[in-house]
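Data first, discussion second: the structure below is written as structure tokens.
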Amino acid sequence: MSQKTPLSTASGIPIADNQNSVTAGARGPVLLQDFHMIEKLQHFNRERIPERVVHAKGSGAYGTFTVTHDVSAYTKAKLFGAVGKQTPTFARFSTVGGERGSADTARDPRGFALRFYTEEGNWDLVGNNTPVFFIKDAINFPDFIHTQKRDPQSNLKSPNRMFDFWSKAPESLHQVTILFSDRGTPDGYRHMDGFGSHTFSMINEKGERHYVKWHFKTQQGIQNLSAAEAERLSGVDPDYSQRDLFGAIAKGDFPRWDVQLQVATEAELAAWEVRTGWNPFDVTKVWPHADFPVMPVGVFELNRNPENYHAEVEQAAFSPANVVPGLGYSPDKMLQGRLFGYHDAQLYRVGTNHQHLPVNAARCPYHNHQRDGAMAIENGGSARNYATLEAAGSHPVGLGNGEPALALDGAAARHDGRGAEDDFSQAGNLFRILTAQAKQNLFDNLAAPLSEVDDEILQRQLGHFDRADPAYGAGVRAALKARA
Ligand code: HEM
């Protein structure tokens, strides 16, 4: 819409006077026939949509994914079809626990959501800047998130609630260690790595399945804020990361990430699990690079700011369920929960036809029998809106075609593996590779909230640090003492 177009109602009727309402006499009252004023007030009252239940504060940009290495041995997905091939993309980075107006520099994981507009439909990789997550079963997610949000009575964030949850979920220790390390406060969105976090799968032309983990290494270099600087910026520039990303792209300083993959066969993972005791589909665990080296795949670049934040960033609707032929899921329990969660959230947050919006619409021809609902835009035109029953396999190019059957076993039940699993070694391994200064920052960053929690919770959490590494527990105790 050009700034020169005469001001009009939403229906295009030109408006002569946008400053003075129609009144009976100079002092009012206002007449109901001032339709323009009424429409203006009504639309204003409806400007907000529900914010995302998590990851409410975020920044988005468009870009390009370029293939630099041939991975066709693992996937038949066409976006990886040739070295040099480019695919348009959209990315949204975010914090997790805060509201839409919260500070960008909060200690929090950062969302790292990527969309690839491929010729076979949209592929969304909805990851974080951390390779692991706090919990391993989707059924725990609402409880966990409630502890990150505000207390129902005081409406305050509460370290007691957070550590009450974490101290009873030792599988969170790995991610808690990352969160309270220097990486918990990245210096904007350009200076952090991204991860698909879950184990995903790939299917090649021969119908073979490999399991993979995605890595996005920042070409800008990792840069973090100290806890003190992050806190200061929360006050003086709560939109620090938005300003940094938008500004960099606006001046042509395009951020880039090297896209890398870890790849393993089912048999390799089974052998690794026997050797290490770690479930390769548990999102609280990494696959160490020494066991599964990363291989280069391509470059992800962001090079265009959205024109309109609400239309393109706020209404963006990513879903881990969106994979294209040649890419697939894994038996990860958390991932399975997420495959349901996102589209459901967006049906409520954005609307029944959220995939019709330009930022969400596929950029390849698409065709289905879903029709009508609020705000249907193209709605299938005059095409048939029903399917007739057809023999299986009538659509040989579709999602799932050529995928080998996945053998599953076990009795359907609520299986509680807690206590039997090793939730401490990987957190300890991470702790041990930190420099002395990074360890001290971790101790201090943990001591700040832990100095406010109930003793029972504190003792339980200290026990987890001890189990990861006695020096970890000792360091946090010393930092607590120094604050007392
Ligand atoms: C079972 C566990 C989880 C559930 C049920 C869940 C659910 C959700 C929901 C409902 C949203 C809001 C979606 C929207 O309104 O558009 C969301 C956003 C998001 N989640 Fe999760 N989530 C889970 C775990 C994770 C994990 C493990 C990661 C990363 C590895 C992650 C990364 C994200 C990101 C990056 C966003 C923001 C997407 C955007 O920028 O629009 N989530 N999640």
Inset, instruction - Give the shape of region 356-398 as rounded, prolate or oblate, defined through the alpha-carbon gyration tensor: a ≥ b ≥ c are the square roots of its eigenvalues, a/c under 1.5 means rounded, and otherwise the shape is prolate if a/b is larger than b/c and oblate if not. - result: oblate
Legend entry - Mean Cβ neighbour count within 10 Å, used as a protection proxy, ranking 280-287, 66-73 highest first: 280-287, 66-73
Inset, instruction - Quick one: which residues, 5+ away or cross-chain, put their amide H under 5 Å from the amide H of Asn224? H built at 1.01 Å from N. - result: Asp187
Legend entry - Gain upon complete extension [Ser425, His356; 0.36 nm per residue less C-alpha separation]: 20.2 nm
Inset, instruction - Set the Förster radius R0 to 35 Å, insert the Cβ-Cβ distance between Ala387 and Ala412 as r into 1/(1 + (r/R0)^6), and round the FRET efficiency to 0.05. - result: 0.70
Inset, instruction - Would you mind calculating the gained length between Ile377 and Ser451 on full extension (0.36 nm times residue separation, minus the Cα-Cα distance), in nm to one decimal? - result: 21.2 nm
Inset, instruction - Starting from the Cα gyration tensor of region 110-267, take the square roots of the eigenvalues, sort them a ≥ b ≥ c, and report rounded, prolate or oblate (rounded when a/c is under 1.5, otherwise prolate if a/b is larger than b/c, else oblate). - result: oblate
Inset, instruction - Pairs to check: Lys40/Lys149; Lys157/Lys439; Lys4/Lys78; Lys57/Lys217. Give those whose C-alpha atoms are more than 32 Å from each other in this structure. - result: Lys40/Lys149; Lys4/Lys78
Inset, instruction - Could you please rank Val297, Val397, placing first whichever residue has the fewest other Cβ atoms within 10 Å of its Cβ? - result: Val397, Val297
Legend entry - Segments 112-125, 41-54, 212-225 sorted - mean Cβ within 10 Å per residue, highest first: 112-125, 212-225, 41-54
Legend entry - Burial ranking of peptide ranges 307-315, 153-161 (average Cβ count within 10 Å, highest at the top): 307-315, 153-161
Inset, instruction - Starting from the Cα-Cα distance between Arg232 and Glu39, subtract it from 0.36 nm times their residue separation and give me the gain in nm to one decimal. - result: 65.3 nm
Inset, instruction - Label region 425-483 by shape, choosing from rounded, prolate and oblate, from the square roots a ≥ b ≥ c of the eigenvalues of the Cα gyration tensor; if a/c is under 1.5 it is rounded, and otherwise prolate applies when a/b is larger than b/c, oblate when it is not. - result: oblate
Inset, instruction - Report, in deg cm²/dmol and to the nearest 500, the calculated mean residue ellipticity at 222 nm for the chain, where each DSSP H run with n ≥ 4 adds -39500 (n - 2.57) and the sum is divided by the residue count. - result: -8500 deg cm²/dmol
Inset, instruction - Please give the FRET efficiency for Ala321 paired with Glu119, using the beta carbon to beta carbon distance and R0 = 25 Å, rounded to the nearest 0.05. - result: 0.85
Inset, instruction - Over all directions, average the projected area of the Cα convex hull of region 58-356 and note it in nm². - result: 15.9
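We did not get these values from a lab; they are worked out from the coordinates using the rules stated. Everything numeric here is computed off the predicted structure, so don't read it as measured data. We place every Cβ from the backbone using ideal geometry, glycine too, and count neighbours over all the protein chains shown.
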